[in-house]
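Working notes, beginning with the structure itself.
The values are calculated or read from the model by the stated rules, or taken from the named source; none is laboratory data. Bear in mind the structure is a predicted one, so any value in this text is a computation, not a measurement. With ideal geometry, Cβ positions are generated from the backbone for all residues, glycine too; neighbour counts draw on all protein chains shown. When the accessible area is computed, the model is the full protein with side chains, heavy atoms only, and any ligands, DNA or RNA have been set aside. Shrake-Rupley method; radii C 1.70, N 1.55, O 1.52, S 1.80 Å.
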Amino acid sequence: MNWLKKQSPIYLCIIPIIVYILTASRTLPWGDGAEFYLAVRTLGIPHPSGYPLFVLIGRLFYLISASPFLLNLLPGIFTSITVLFLYLIIFKMTKDRLVSIILPLFFAFGREIWCQSVAAEIYTLNLLFMTIILYLLLNISENERFIPMIFFISGLALTNHLTALFYVIPVLIFVLLRKTKAIRYLPLTIIPLFLYLYFPIRAAANPALNLFNPVNTGRLINYVSGKAFHYRTLFFSGTYLVEQLTQFLGYWWQQFLILIPVGFYGIILIKDKKLKNMLIIILFIMFAYTVLYNIPDKQGYYLPLYGLWLVLIAIGLSKLVPTRFKIALIIFPLINVIINYRVCDLSSESSLDDLCISIYDNLADHSIVISDDYFVYCGLLNREINGQKQIIPISQFYLRMDWYTPQLQRNFPNIIVPERVDVLLHTCQEELATTSKDKYGDISKAYCHRIQHEIINANIDKIPVYFFIYDDAAWPKHWFDFYLESHGVFYQFLRDSVPPHDFAIDFPPSEKYQTDRLVNTDAIVVAKKFAAAYNRRAIYRFQLRDTNGAIEDFNNALDCYPDYYQVHINLGLVYLETGDTLKTLQSWRLYIKNAEPGPNLDRIKSWYNHLTQLYNK
């Protein structure tokens with residue numbers, strides 16, 4: 001038992017980090033990780049509230065290796081250290097060593113924690129700070145030297161993510177109620193906040209990534225406070241609350257499985273009423289804020305809540321499970337590894353990089369490319385920094401913000417931003433100041449489109465202007481009064497339509513992107529986009545009488561996306577043109593077998609029946 005006491009904490013760090021090394025993304029990941037890599041690479045400024053501590057730690061890792069892999073591994077390192085502190089917290093509160101060992105491992109391999117630990121994100125560092133502070137808090141009665149550490153680490157936590165306020169404030173109040181003289185340590189919380197001066201210092205240097213340009217005091221306050229996104233907070237519109245609660249229950253289940261209810265029993269078992277009340281307050285505030293914060297990718301906001309809930313589950317299990325049966329709890333981390341490994345394994349996932357390469361390599365030199373997807377914009381900006389060709393990447397999302405177009409002009413002097421844009425920006429700000437939260441996003445998007453139109457109109461006759469559309473399944477042919485010429489996974493804006501033409505496609509081998517073999521949702525979207533690009537080029541080739549090329553592309557589309565039933569119609573038409581009636585019937589039969597009911601299906605059935613009669617004669 002003495003050997004176990006000395007060694008188990010070390011093993012608890014080693015086991016998760018080995019798994020995270022095996023499963024961490026090797027390239028630019030989808031999500032904020034792509035932006036954080038750019039921020040670390042350029043010493044730039046990411047989205048609010050900026051996360052200066054993470055950026056600076058990431059920069060140290062970047063100096064060791066410029067590969068995104070090391071930055072993607074950083075959250076896994078934070079989680080592995082968190083596992084150690086969870087062990088210490090649980091053992092402190094339960095004196096049950098077996099539960100203290102098994103439950104943190106179960107936590108490390110829960111789906112939400114694991115997914116946040118294999119791509120560059122700031123949420124696991126937020127979780128780590130919370131667990132360190134909780135551990136120190138549980139030990140201040142035995143060692144008052146931990147009190148100044150609590151104040152200092154609380155300040156550090158606030159330089160990583162401002163939602164740390166939801167546990168920092170209750171903890172500091174708890175400490176001050178027990179040790180009133182601890183007020184003298186408050187400056188230790190303030191000192192780390194000077195890390196936020198990183199932003200005006202770097203903004204003055206105008207790095208490639210310089211979001212919101214927080215170059216002065218007013219801009220810095222607005223930036224750090226996330227003023228631009230305040231409309232997303234305390235959101236109650238329509239069925240939103242029900243949808244978010246349902247979504248949370250799904251995340252909660254993926255993390256803790258059937259052990260969720262044990263946490264409620266754990267709350268009851270805590271004897272220290274002040275500690276219990278503090279934990280309940282933290283849980284409630286974090287849960288309520290996150291549920292009412294209307295952003296699409298907020299799973300990471302729940303991580304500190306999950307950490308506290310694991311502690312409560314451990315307290316409950318230590319009393320519920322007889323000692324002789326506790327070894328059986330090892331099945332829970334094993335189950336998590338088995339059911340989550342494939343979902344959380346990003347080691348071979350490179351869809352963002354592959355997509356951006358396929359776009360970048362086919363752009364004309366000295367051109368503009370506008371993206372309605374922010375992460376693709378980050379990937380293209382990363383390529384532009386490499387300097388292989390000169391392009392001007394533009395994020396559609398930021399066009400309606402007053403700092404963005406001046407920054408574009410500073411970074412890319414060749415771009416023309418007409419005076420009309422300033423008028424639209426001013427009108428946009430006036431309209432948004434008086435609108436309701438549920439209409440804010442639609443108005444913002446409308447003005448982004450109008451400003452985009454002005455920029456296209458001012459530049460299209462001088463340099464090529466391209467457009468990446470994330471959701472283009474319907475194959476758009478127009479955007480406002482411009483024609484859209486397909487180049488596979490992106491488009492070129494034109495004033496006049498052009499006849500069908502062949503275009504280059506530089507995609508990875510189709511066996512890498514097959515929707516029926518993929519698990520990662522982003523990779524599946526990219527596979528479908530590759531399939532759509534093949535289908536569009538095949539249609540062009542068919543119109544150009546290149547039937548062999550059309551057949552090859554249609555088959556490539558089906559290799560990428562076997563359920564792309566529309567392709568079977570097109571492929572059948574090509575075979576019909578070549579006189580191969582049997583293959584035409586085979587293609588249409590596949591469509592009829594799998595397609596959804598509707599007019600299209602009825603029409604193909606009619607063609608199929610008519611052609612079958614002719615073939616049998």
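Please tell me if residue 57 is free of Cβ contacts under 8 Å to residues at least 12 places away in the same chain, over 18 Å from residue 381 (Cβ atoms) and among the hydrophobic types (A, V, I, L, M, F, W, C). Answer is no for this residue. For the list (1) on the phi < 0 side of the Ramachandran plot; (2) open to solvent by 40 Å² or more (accessible area, probe 1.4 Å), I need the number of the one condition that residue 480 fails. Status for residue 480: all satisfied but (1).
Could you grab me the full set of residues in segment 41-94 that are open to solvent by 10 Å² or more (accessible area, probe 1.4 Å), part of a helix (DSSP H, G or I) and among the polar types (S, T, N, Q)? Correct list: 42, 94. Per this entry, residue 506 is counted among residues that are in contact with a helix residue (DSSP H, G or I) (Cβ under 9 Å, 6 or more places away or on another chain), open to solvent by 40 Å² or more (accessible area, probe 1.4 Å), within 30 Å of residue 344 (Cβ to Cβ) and in a loop (DSSP other than H, G, I, E, B).
Determine whether residue 297 is within 22 Å of the chain's Cα centre (by Cα), open to solvent by less than 50 Å² (accessible area, probe 1.4 Å) and over 30 Å from residue 91 (Cα atoms). Judged against the criteria, residue 297 is not a match.
Residue by residue, here is whether (1) in a helix (DSSP H, G or I); (2) among the acidic types (Asp, Glu) holds:
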{"site": "405", "(1), (2)": "yes, no"}
{"site": "417", "(1), (2)": "no, no"}
{"site": "426", "(1), (2)": "yes, no"}
{"site": "431", "(1), (2)": "yes, yes"}
{"site": "446", "(1), (2)": "yes, no"}
{"site": "455", "(1), (2)": "yes, no"}
{"site": "458", "(1), (2)": "yes, no"}
{"site": "462", "(1), (2)": "no, no"}
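Only one of the numbered conditions (1) of a type outside the set (Val, Ile, Thr); (2) touching a helix residue (DSSP H, G or I) at 6+ places or on another chain (Cβ under 6 Å); (3) part of a helix (DSSP H, G or I); (4) open to solvent by 20 Å² or more (accessible area, probe 1.4 Å) is violated by residue 289, and that is (2). When each of 156, 134, 105, 125 is tested for being more than 25 Å from the chain's Cα centre (by Cα) and either in a helix (DSSP H, G or I) or within 21 Å of residue 281 (Cα to Cα) (or both), the lone residue that passes is 134.
Screening residue 119 with (1) touching a residue at least 40 places away in the same chain (Cβ under 8 Å); (2) open to solvent by 30 Å² or more (accessible area, probe 1.4 Å); (3) part of a loop (DSSP other than H, G, I, E, B); (4) of a type outside the set (Lys, Arg) gives one miss only, at (2).
Of all residues in segment 580-596, those that are closer than 16 Å to residue 555 by Cβ have Cβ atoms under 7 Å from Cβ atoms of residues that are open to solvent by 50 Å² or more (accessible area, probe 1.4 Å) and outside any loop (DSSP other than H, G, I, E, B), 6 or more apart or on another chain, in 584/576; 588/607. Scanning segment 17-32 for residues that are assigned to a helix (DSSP H, G or I) and modelled with pLDDT under 95 gives a single hit, 32. Condition test on residue 541, is it in contact with a strand residue (DSSP E or B) (Cβ under 6 Å, 6 or more places away or on another chain) and either closer than 16 Å to residue 475 by Cα or crowded, with 18+ Cβ neighbours inside 10 Å (or both)? The answer is no for residue 541.
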